[in-house]
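Report on the following structure.
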Amino acid sequence: MASADQKHPPKLITSVKTVNAKIFPATKYVDPRVCNIVVVATDENGLPVEGCSVSYSCQIGQMDKHSYTTTDRNGLALASYYSYKTGKDVVKIKVTKDGYVPAEAEAEVEVVATATPLKVVNTPQKGEIFLNGQKIGEGFAEYVISSPGIYFVSWGELEGYEPPSPVKLYINPDFSVEPVSIEGKYVSLNEKREFVDLSVFVCITFDDSSGVPNPVPDAPVTLGDGQTAVTDKSGFAKFKVKANYGPLKIRAKHPNLYEYYQEAEVNIGTKDVHVNLDFGIFFGGEAVVGLEI
């Protein structure tokens, strides 16, 4: 006569946790590019089950070859998923062990295209905003850029004000999806400015295919008037400097390359100033680009 255990083998209980369920394609240089999956196998009493065989299947992506195929003494199996294509995928997981009823589970993953959000805010909140000659807003604009390139932000005329001059932006979503924010200040024709805003964008050219630089975060920037700042994740450091000051020296240090600097010298007038400092001169990029805004 068969025993009760033989008639009713114990069940495996499988739970799944995903870390970074939304990722970017593995072909880009923007993290996260890998979805980590934690598989936990227990028995019906909640105790870990060691030595379970774990298999994975998916449609558009791939499982890393180092993904665990056997649970450890804690009942854990760790796996990594990546994809060269965008889209939604489901990782199907099957856990088996002799003497147990097999268990199945799923992990949903979404692979999204890289894109850099651009936001432009005018002061006062009036005036037309153009991107490469195309109107994208009036007083305020948000635009998503998905292709690496050099982009020019420009502004329309506004009665009683002097409009900002165009800003030249290097945007490379293959390397950074950090939002880029630009302020366009219309200056009253009657206003005498004591201070102006200085924006310093620090970048480096690593992209051989497009030649468009990518931002360098955490780069120390020093001005000739003694001010210092560190670039944010989007590669920008921002200052307030005296109007009609110049020439003003700007110096940026690469945070990871020993004694690697880039410098510029600009004359500050009565309009805000935007300066691009490209470390990538040795990679084919421009050494210094400065535009008044």
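The values are calculated or read from the model by the stated rules, or taken from the named source; none is laboratory data. A quick note: this is a predicted structure, and the numbers were derived from the prediction, not measured. Cβ sites come from the backbone with ideal geometry, for glycine too, and all protein chains shown count toward neighbours. All accessible areas refer to the heavy atoms of the entire protein, side chains included, with ligands and DNA or RNA removed. Shrake-Rupley method; radii C 1.70, N 1.55, O 1.52, S 1.80 Å.
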From the C-alpha gyration tensor of the range 86-223, pull out the three semi-axes of the equivalent ellipsoid (sqrt of 5λ each), sorted largest to smallest, in whole Å. 45, 18, 14
Sorted largest first, the C-alpha extents of the range 177-220 along its principal axes in whole angstrom are 47, 23, 16
FRET efficiency for Glu157 and Lys119 from the Cβ-Cβ distance with R0 = 25 Å, rounded to 0.05, comes out at 0.70
Whats the longest run of the chain with zero GluC sites (Glu not before Pro) that are DSSP loop and have at most 12 other Cβ atoms within 10 Å? 45-156
Working from the alpha-carbon coordinates of the chain, get Rg over Rh, Rh being the Kirkwood radius. 1.20
May I ask you to list the trypsin sites (Lys or Arg not before Pro) in the range 212-244 that are in a DSSP loop and have at most 12 other Cβ atoms within 10 Å of their Cβ? Lys233
Nearest-10 value in Å² for the accessible area of His66, using the 1.4 Å probe: 140
Mind checking the dipole of the chain: about its Cα centre, +1 per Lys or Arg Cβ, -1 per Asp or Glu Cβ, Debye to the nearest 20? 340
Stretch gain in nm, segment Lys192-Asp43, where the contour uses 0.36 nm per residue and the Cα spacing is subtracted: 46.0 nm
A student applying the Cα gyration tensor rule (rounded when a/c is under 1.5; otherwise prolate if a/b is larger than b/c, oblate if not) would label the range 141-293 oblate
Distance from the Cα centre of the range 49-71 to that of the range 124-149, in angstrom? 46
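Report the calculated FRET efficiency for Glu106 and Ser146 (r = Cβ-Cβ distance, R0 = 35 Å), to the nearest 0.05.
Efficiency, rounded to the nearest 0.05: 0.75.
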Find the lysine pairs in the range 208-271 meeting two conditions, Cα atoms under 21 Å apart and a separation of 8 or more places or different chains, and report how many there are. 9
